[in-house]
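Inspection log for the structure reproduced underneath, given as structure tokens.
The values are calculated or read from the model by the stated rules, or taken from the named source; none is laboratory data. Please read all numbers here as calculations on a predicted model, not as lab measurements. Every residue, glycine among them, receives a Cβ derived from its backbone with ideal geometry; neighbour counts consider all protein chains shown.
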Amino acid sequence: MLVQEITNKDISPLKLDDTVAAALLRIDLLHTTRIPVVDENNRLVGMASLDRLIEVVDEETPLKNLELAEPISVPASQHLFEASRVMLAKELYLLPVVDTKMNFIGMLKKKDVLTALGELFNLSSYGSVISVELEQQDFTLSDIVRIIEMEGAKILGVAVQQPDIDHPSYRVSFKLNLEDSSVVSAGLRRFGYTITSEANSEILEGDFSDRADELIRYLDI
């Protein structure tokens, strides 16, 4: 899925002639901390950030008289995964989308990105999820996919968690089209794979519902 498929074109950026007061109002209305700023040619030139705006004494000061934060953006042709990485790394609720000449096209909303990721991984599809732990030197998906399909299951989505200090192994989660994944789990265990978790849709639906509520509260929308 590409960024252009979920770009919101209804949210307009700030302009250099806009005042600090106008910027603060937009930040409050959009529940964000940074908003893109464009010049008279609609080219992205920077970001108006809350921490800098609240330091300005005269709120009628135009943004062109301030030092803006460096612009953060993604091209419309970028994949959703990269946009998600940027939003997470930069802690953004709104991410500007631009063309090859840095002309503003629209914005990605964090909520829309989360929804799109859910669709991409088929999180709403009925089925089950199993997680397999793999040592770094043994990391390969082809054999696992073969075993899963040999047991009559179809893979609807795959997510890979990178090794870290607390978990030195890869953790790979598979969303399957089967309500009961016990046959698949047994097949993987026969080939020496370690299953770290498995759950069916009834368990997952409750978990996803709780997580969705937490996300809504976190995003304050």
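Within the bounds of the range 50-70, is there any residue that is within 24 Å of Gln4 (Cβ to Cβ), modelled with pLDDT of 95 or more and not hydroxyl-bearing (Ser, Thr, Tyr)?
Start the filter on the range 50-70 by keeping residues that are within 24 Å of Gln4 (Cβ to Cβ), which leaves 70.
The next check asks that each one be modelled with pLDDT of 95 or more; those that pass are none.
Within the range 50-70, not a single residue is within 24 Å of Gln4 (Cβ to Cβ), modelled with pLDDT of 95 or more and not hydroxyl-bearing (Ser, Thr, Tyr).
Would you pick out the residues in the range 133-182 that are over 15 Å from Tyr193 (Cα atoms), in contact with a strand residue (DSSP E or B) (Cβ under 9 Å, 6 or more places away or on another chain) and of a type in the set (Gly, Ala, Ser)?
Of everything in the range 133-182, those that are over 15 Å from Tyr193 (Cα atoms), in contact with a strand residue (DSSP E or B) (Cβ under 9 Å, 6 or more places away or on another chain) and of a type in the set (Gly, Ala, Ser) turn out to be Ala153, Gly157, Ala159.
Kindly provide the set of residues from the range 9-26 that are modelled with pLDDT of 95 or more and of a type in the set (Val, Ile, Thr), ordered by number.
Thr19, Val20, listed by residue number.
Can you pull out the residues in the range 55-97 that are among the β-branched types (Val, Ile, Thr), in a helix (DSSP H, G or I) and in contact with a Lys or Arg (Cβ under 8 Å, 6 or more places away or on another chain)?
Those that are among the β-branched types (Val, Ile, Thr), in a helix (DSSP H, G or I) and in contact with a Lys or Arg (Cβ under 8 Å, 6 or more places away or on another chain): none in the range 55-97.
Quickly run through the range 28-54 and pick out the residues that are out of contact with any Lys or Arg (no Cβ under 8 Å at 6 or more places or on another chain), β-branched (Val, Ile, Thr) and surrounded by 13 or more Cβ atoms within 10 Å (Cβ to Cβ). Steps first, please.
Within the range 28-54, the first condition is being out of contact with any Lys or Arg (no Cβ under 8 Å at 6 or more places or on another chain), and the residues that meet it are 28-34, 36, 41-42, 44-46, 51-54.
The next check asks that each one be β-branched (Val, Ile, Thr); those that pass are 32-33, 45, 54.
Hits for the range 28-54 are Thr32, Thr33, Val45.
Out of Thr140, Thr100, report the one residue that is among the β-branched types (Val, Ile, Thr), part of a loop (DSSP other than H, G, I, E, B) and closer than 28 Å to Asn42 by Cα. Give the steps one after another, and end with the answer.
Numbers: Thr140 fails: closer than 28 Å to Asn42 by Cα.
After applying the criteria, what remains is Thr100.
Output the residues belonging to the range 118-169 that are in contact with a helix residue (DSSP H, G or I) (Cβ under 9 Å, 6 or more places away or on another chain) and among the β-branched types (Val, Ile, Thr). I'd like the intermediate steps shown before the answer.
Keep residues of the range 118-169 that are in contact with a helix residue (DSSP H, G or I) (Cβ under 9 Å, 6 or more places away or on another chain), which gives 118, 120, 123-130, 132, 134, 144, 147-148, 150-155, 157-158, 163, 168-169.
The answer is Val129, Ile130, Val132, Ile144, Ile147, Ile148, Ile155, Val158.
Among the residues of the range 55-91, what is the count of those that are surrounded by fewer than 19 Cβ atoms within 10 Å (Cβ to Cβ), touching a residue at least 60 places away in the same chain (Cβ under 8 Å) and under 18 Å from Val37 (Cα atoms)?
Here the count works out to 2.
What are the residue pairs meeting all of these: first residue in the range 7-26, first residue in contact (Cβ under 8 Å) with a residue 60 or more places away in the chain, second residue of a type in the set (Phe, Trp, Tyr) and part of a strand (DSSP E or B), Cβ atoms under 7 Å, and 6 or more apart or on different chains?
Note: pairs meeting the criteria are Pro13/Phe104.
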